[in-house]
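Some notes on the structure that comes next.
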Amino acid sequence: MIVSLISTLALFVSTIYNIHFSDIDGTDRSFNSFEHKKILIVNIASNSNRVDQIEGLQTLYNLYHDSLVIVAIPSNSFGSEPKSNIEIKQLCIQQYNCSFIIAEKQSVVGDSSSSIYKWLGQVSENGVADVNIAGDFEKILIDGQGSIIGLFAPEIEPTSSMIKNAIEDK
C-alpha cells in the first residue's frame, strides 16, 4: 500500500501539469490549464536563421487552436536572442501577428534551464524521453494526458505534414 502511494505521488509530482511559467507579460501560467489539449512547446529566437518559423507557428495555431496550445519560449541559450521580453513581444505581435502563448525569455539548456526544460530533459520526470535541445526552434508535442508524443528537430517547419499528422492523431 505504501509503495503504491509513493508511486502514485511520484507520478503526480513529475507531471507537466504541475509546472508553472510566466508569460511574456509576467503573468503566472500553469500547464494544468491546458490539460486535455495537445501542447506544442517551441524555443524561439529572433536572431535565429529560422525566425520565420514564428509565422508557421501562427498558421499552425490558426488551424488547430481548438485542440492545440502553442507555448513559444524565447531563449538565448544558443546565442540568437539578444532582445528583451518587450522587444520579443513587439516582434511577435507586430511582424507575425501572434496569438499563441509567448513565455518570458528563459534558458532551455544546462543547469540554469527553466522548469519545463528540466522536466523535458529528465526521463525520470517525463517518463518518455531524455529530450536534448539541439538548437532554436526545437519542437516538443505533448498529448492531452501530459505525455511527450513528438520531438521535431529545428529544421522541421511547424506546418510540416509530420507535425500536422501528430496533432491530428488521436
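The values are calculated or read from the model by the stated rules, or taken from the named source; none is laboratory data. In this text, all values refer to a predicted model and were calculated from it rather than measured experimentally. Cβ coordinates were reconstructed from backbone atoms using ideal geometry, including for glycine residues, and neighbour counts include every protein chain displayed. Please note that ligands, DNA and RNA were not included when accessible areas were found on the heavy atoms of the full protein model with its side chains. Shrake-Rupley method; radii C 1.70, N 1.55, O 1.52, S 1.80 Å.
Criterion first (in a loop (DSSP other than H, G, I, E, B), touching a Pro at 6+ places or on another chain (Cβ under 9 Å) and exposed (fewer than 14 other Cβ atoms within 10 Å of the Cβ)) does N97 satisfy it? Let's see the steps before the verdict.
Working: in a loop (DSSP other than H, G, I, E, B): yes; touching a Pro at 6+ places or on another chain (Cβ under 9 Å): no; exposed (fewer than 14 other Cβ atoms within 10 Å of the Cβ): yes.
In short, no.
Looking only at segment 143-163, filter to residues that are among the acidic types (D, E) and surrounded by 15 or more Cβ atoms within 10 Å (Cβ to Cβ); which one of those is farthest from N49 (Cα to Cα)?
Looking only at segment 143-163, we keep the residues that are among the acidic types (D, E), and these are 143, 155, 157.
Retained after the next criterion (residues that are surrounded by 15 or more Cβ atoms within 10 Å (Cβ to Cβ)): 143, 157.
Values: D143: 29, E157: 13 Å.
Checking each candidate, the answer is D143.
Going by what's in this entry, would N49 be described as at pLDDT 95 or above, part of a loop (DSSP other than H, G, I, E, B) and under 17 Å from I133 (Cβ atoms)?
In short, yes.
Collect the residues in segment 12-33 that are open to solvent by 10 Å² or more (accessible area, probe 1.4 Å) and touching a residue at least 24 places away in the same chain (Cβ under 8 Å), keeping them in residue-number order.
Correct list: S14, T15, Y17, I19, H20, F21, S22, D23, I24, D25, G26, R29.
Can you tell me which residue is most open to solvent (accessible area, probe 1.4 Å) among those in segment 35-68 that are among the hydrophobic types (A, V, I, L, M, F, W, C) and over 17 Å from Y117 (Cβ atoms)?
Our first condition is that a residue be among the hydrophobic types (A, V, I, L, M, F, W, C); within segment 35-68, this holds for 39-42, 44-45, 51, 54, 57, 60, 63, 68.
After this cut, where a residue has to be over 17 Å from Y117 (Cβ atoms) as well, the list is 51, 54, 57, 60, 63, 68.
On the way: V51: 25, I54: 2, L57: 1, L60: 0, L63: 100, L68: 1 Å².
So, considering only residues that are among the hydrophobic types (A, V, I, L, M, F, W, C) and over 17 Å from Y117 (Cβ atoms), the one most open to solvent (accessible area, probe 1.4 Å) is L63.
Does G121 qualify as being farther than 20 Å from S48 by Cβ, touching a Ser or Thr at 6+ places or on another chain (Cβ under 8 Å) and buried (at least 17 other Cβ atoms within 10 Å of the Cβ)?
Numbers: farther than 20 Å from S48 by Cβ: yes; touching a Ser or Thr at 6+ places or on another chain (Cβ under 8 Å): yes; buried (at least 17 other Cβ atoms within 10 Å of the Cβ): yes.
Judged against the criteria, G121 is a match.
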